[in-house]
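Novice: Before I ask anything, let me first share the structure, which is written out below as structure tokens.
FYI, it's all coordinate maths here, none of it is from the lab. Model, not experiment: these values are computed from the prediction. Glycine gets a Cβ as well: all are built from the backbone with ideal geometry, and neighbour counts include every protein chain shown.
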């Protein structure tokens, strides 16, 4: 027993002693990037990281943050909540702010980052949990699953459909928008759901589920799934020769899905996805930075502009706060992104305006980053209808959210 | 400019507190897995299912009313939540054990694996109770009103290792008792054990329920660490990690599960912390599981019984005891305890 007790006592003492250590205020300002580089989110990982690297490059090119270099501290969260907690604890002492987080990780860390007073940006979180629970130390700069659900229902209504089926994978990221879609479709629009098929991911084939969803000859089918399930479902749809309109969830807006559906007529598959502001001067600056630091033109649909914007916002907030202290930075976030203030589109312009003593209103390549001050969510995320042309997703039109469908 | 967290994380207090807490939790679960699988021969691939039952029970009963849109949130205190989790996992283990324990080895393994997935699907589909795929992002923790942030984490580290110590003491006691010897006898030669009067069916069920109850006690610790109950948390990965650690540390050895967990999780972290240039990050991510597999292969190649062996644990040096020896020892122990004969007579059997 003594052999066991001694290491245990050592562990406890170590735990107590090391906690008294403090952080590092010298050297570079370290910005955490905690994302799924492996696992379910790995398809989004590298392009997201490219967006983040471009932001760090731009910040350093413009003189850094408070005269210090910015440094990206990359952590893989394995696309799991446990990986997010472990990954965050690996870098927590080292970083001044956190970004890159996805839905699962954000929800798992919600209480912890608030407790740690760690400014945290969610550039790719759709989770409905953040509809009400962010705003103090965690902000979401992309659309919520609630928005996606409403927009998809609105799209189906505008296309004149009345009978819709649903085929939805049972994971948080896919069920959240699907449940909103169903609620809005039935209760606000008055449409009919003729089949609501839910399935567990991980199968090789989804023949039975596809059969159930399409059996009632629906006019349109809402498919909420990840790419791994989405590809066999689409192959089954093509093989059976169905012609119902397909509306897909954001998780299916990846190149693999577009390639799998390349032979379908243009417009057969529609998706509502947050879109970039391509006309903004911020976008051209972002595209140049992406080319320079990632060595390629930016793709679309991987939240790369949101990844870029989160670090620009954090860096501007640090500049405005003249500090990297968590609460001080958090207190400046709304001052940086919300009106009133001088409209700025780049980090350099933002720093210059702050140095002149002006209040600023930053809009980035992802569009307006106006945030609700109570929830930390985007006031009006820009969403476009995407369809597949020649094996790749293409933005068709920007659609405005119908306020009457809001929940 | 960017770096991986790299070596600087090794000097981070939060990193160590978090990692050591996680090691404590996995160590407790793996020691319990060792009781039923290592000594009892019940290859349980559904340990995460019991952990899920315990975690959800604790979280649901301690949730304050109105915080989540669920039908049942009584807001019990933490201690009541722990007791409820232990009770519920015990009941579920009993109900699962009744049919599952009729099967042996790989059949039992498949059944327990399936039950774990059934529990996960229930967590997804009983949304009115479990909050469905969203889960609970707020979990009641003890001592929150007494300690702030880092101090609370250190306290929970102490509590976790206190629990691990208790589990170790329990398994140590079992290993030295007639009960433990009966378990090993049953594992090595069930007909012989039966012929010597060991009530195998009852012993298996008792052990399965005992482990279930104890897992229920560990589950809240996992929730305090993770602070998130969601069906995705309770995938088979948890079970595989515990099994890998058990094989690594030495199946059926007493301290092997703790050592296995420590080596596995520390090794995993070190591999994760290797600094690589950005262009090699995808390779690094891909190599990660490969490195862990390689570690396992190396250990099994050079120490087939694991880092610590059962023989060493039980002082079996000269030769490996036959199953009959183990069975005899178990019976001798029973006879001594029941006063039906002295030890000499028992050995003479």
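Novice: Taking the Cβ of each residue in B:53, B:25 as the centre, tally the other Cβ atoms inside 10 Å and list the residues starting with the fewest. Don't jump to the answer; show the numbers that get you there.
Specialist: Working: B:53 28, B:25 24.
Least to most surrounded, the residues fall as B:25, B:53.
Novice: Counting other beta carbons within 10 Å of each residue's own, what order do B:104, B:254, B:301, B:187 fall into, fewest first?
Specialist: Details: B:104 13, B:254 24, B:301 8, B:187 20.
Ordered from fewest to most neighbouring Cβ atoms within 10 Å, B:104, B:254, B:301, B:187 come out as B:301, B:104, B:187, B:254.
Novice: Percent antiparallel among DSSP beta bridges with both residues in segment A:219-372, to the nearest 5? Working shown, then result.
Specialist: Values: 2 of 12 bridges.
Just about 15 percent of them are antiparallel.
Novice: Evaluate the distance, in nm, between pseudo-label points positioned 7 Å from the Cα of residue A:322 and of residue A:69 along their respective Cα→Cβ axes.
Specialist: Once both label points are built, they end up 2.6 nm from each other.
Novice: Quick one: if the Förster radius is 41 Å, what FRET efficiency do residue A:207 and residue B:283 give, using the C-beta to C-beta distance and rounding to 0.05?
Specialist: Numbers: r = 36 Å, r/R0 = 0.89.
Calculated transfer efficiency: 0.65.
Novice: For a Förster distance of 60 Å, can you work out the FRET efficiency between the beta-carbons of residue A:284 and residue B:94, rounded to the nearest 0.05? Please report the intermediate quantities before stating the final value.
Specialist: Values: r = 66 Å, r/R0 = 1.11.
For R0 = 60 Å, the calculated efficiency reads 0.35.
Novice: Would you compute, for the Cα atoms of the protein assembly as shown, the largest minus smallest coordinate along each principal axis and list the three values in descending order, in whole Å?
Specialist: Per principal axis, max minus min of the Cα coordinates gives 94, 65, 49 Å.
Novice: Mind checking which of A:72, A:159, A:130 has the largest fluctuation in a GNM of chain A, springs on alpha carbons under 10 Å?
Specialist: A:159
Novice: How far is it, in nm, from the label point at residue B:298 to the one at residue B:87 when both lie 7 Å from their Cα along the line to the Cβ?
Specialist: Label-label distance for residue B:298 and residue B:87, simple model: 4.9 nm.
Novice: Hey, another quick one. Kindly give Rg over Rh for segment B:112-161, based on alpha-carbon atoms, with the Kirkwood expression for the hydrodynamic radius.
Specialist: Values: Rg = 16.0 Å, Rh = 13.4 Å.
Rg/Rh: 1.19.
Novice: Shape verdict for segment A:283-407, please, from the Cα gyration tensor: rounded (a/c under 1.5), prolate (a/b greater than b/c) or oblate.
Specialist: oblate
Novice: Name the residues of segment B:30-71 whose amide N is less than 17 Å from a point 7 angstrom out from the Cα of residue B:110 along the C-beta direction?
Specialist: Only B:43-46 fall inside the zone, counting backbone N under 17 Å.
Novice: Take chain A, connect every pair of alpha-carbon atoms lying under 10 Å apart with a spring to form a Gaussian network, then pick out the residue of A:212, A:273, A:253 with the largest mean-square fluctuation.
Specialist: Maximum fluctuation in the GNM of chain A, among the listed residues, is at A:212.
Novice: For segment A:126-167, what is the Kirkwood estimate of the hydrodynamic radius, computed as the reciprocal of the mean inverse distance between distinct Cα atoms, to one decimal in Å?
Specialist: Details: mean 1/r = 0.0829 Å⁻¹.
One decimal place: 12.1 Å for the Kirkwood radius.
Novice: Still on this structure: Can you give the Rg to Rh ratio of segment A:20-148, both from alpha-carbon atoms, with Rh computed by the Kirkwood formula?
Specialist: 0.96
Novice: Let me ask something else. In percent, what relative contact order does segment A:139-296 have, based on Cα pairs under 8 Å that are 6 or more apart in sequence?
Specialist: Numbers: 238 pairs, mean separation 35.3, N = 158.
Over segment A:139-296, the number comes to 22 percent.
Novice: Could you tell me what percent of the DSSP beta bridges with both partners in the protein assembly as shown are antiparallel, to the nearest 5? Walk me through the numbers before you get to the answer.
Specialist: On the way: 17 of 57 bridges.
About 30 percent, rounded to the nearest 5.
Novice: Quick check: from the Cα gyration tensor, does segment A:317-391 come out rounded (a/c under 1.5), prolate or oblate?
Specialist: prolate
Novice: How high is the relative contact order of chain B, given as a whole-number percent (alpha carbon pairs under 8 Å, six or more residues apart)?
Specialist: For chain B, the relative contact order is 28 percent.
Novice: Find the centroid of the Cα atoms in segment B:72-120 and in segment A:229-280, then give the distance between the two in whole Å.
Specialist: 41
Novice: Report, please, the projected area of segment B:61-123 averaged over directions, based on the convex hull of its C-alpha atoms, in nm².
Specialist: Numbers: hull surface 20.4 nm².
Spelled out: convex hull of the Cα atoms, projected over all directions, averaged, 5.1 nm².
Novice: Given R₀ = 51 Å, FRET efficiency for residue A:374-residue A:243 by Cβ-Cβ distance, to 0.05? Provide the component values of the computation, followed by the final result.
Specialist: Details: r = 45 Å, r/R0 = 0.88.
My answer for the efficiency is 0.70.
Novice: Rounded to a whole number of µm²/s, how large is the Stokes-Einstein D of segment A:141-248 at 37 °C and 0.692 mPa s, given Rh as the Kirkwood radius over C-alpha pairs?
Specialist: Result for D is 239 µm²/s.
Novice: Enumerate the residues in segment B:61-92 having an amide nitrogen under 16 Å from the point lying 7 Å beyond the Cα of residue B:166 toward its Cβ.
Specialist: B:78-90
Novice: Once you sort the root eigenvalues of the Cα gyration tensor of segment B:1-143 as a ≥ b ≥ c, which label holds: rounded (a/c under 1.5), prolate (a/b larger than b/c) or oblate (the other case)?
Specialist: Numbers: a/c = 1.87, a/b = 1.14, b/c = 1.63.
It comes out oblate by the Cα gyration axes.
Novice: Let me ask something else about it. As a test of the definition: which semi-axes, in Å, follow for segment B:6-348 when you take the square root of five times each eigenvalue of its alpha carbon gyration tensor? Largest first, please.
Specialist: Working: eigenvalues 249, 138, 70 Å².
Equivalent ellipsoid semi-axes, largest first: 35, 26, 19 Å.
Novice: State, as an integer percentage, the relative contact order of chain A based on alpha-carbon contacts under 8 Å between residues 6 or more apart. Intermediate results must be reported in sequence, preceding the final value.
Specialist: On the way: 856 pairs, mean separation 72.0, N = 407.
Here the relative contact order equals 18 percent.
Novice: Relative to the compact-globule scaling 2.2 N^0.38 Å, provide the ratio for the alpha-carbon radius of gyration of chain A. Walk me through the intermediate numbers first.
Specialist: Details: Rg = 22.3 Å, N = 407, 2.2 N^0.38 = 21.6 Å.
Here the Cα radius of gyration is 1.03 times the empirical estimate.
Novice: Right, next: Just the Cα atoms of segment B:193-263, one point each, no solvent: what log10 I(q)/I(0) does Debye give at q = 0.23, 0.28 Å⁻¹?
Specialist: So the normalised log intensities work out to -1.15, -1.17.
Novice: Relative to the longest principal axis of the C-alpha atoms of chain A, give the angle of the C-alpha long axis of helix A:326-337, reported between 0 and 90° and rounded to the nearest 10°.
Specialist: Long axis of A:326-337 versus the principal axis of chain A: about 50 degrees.
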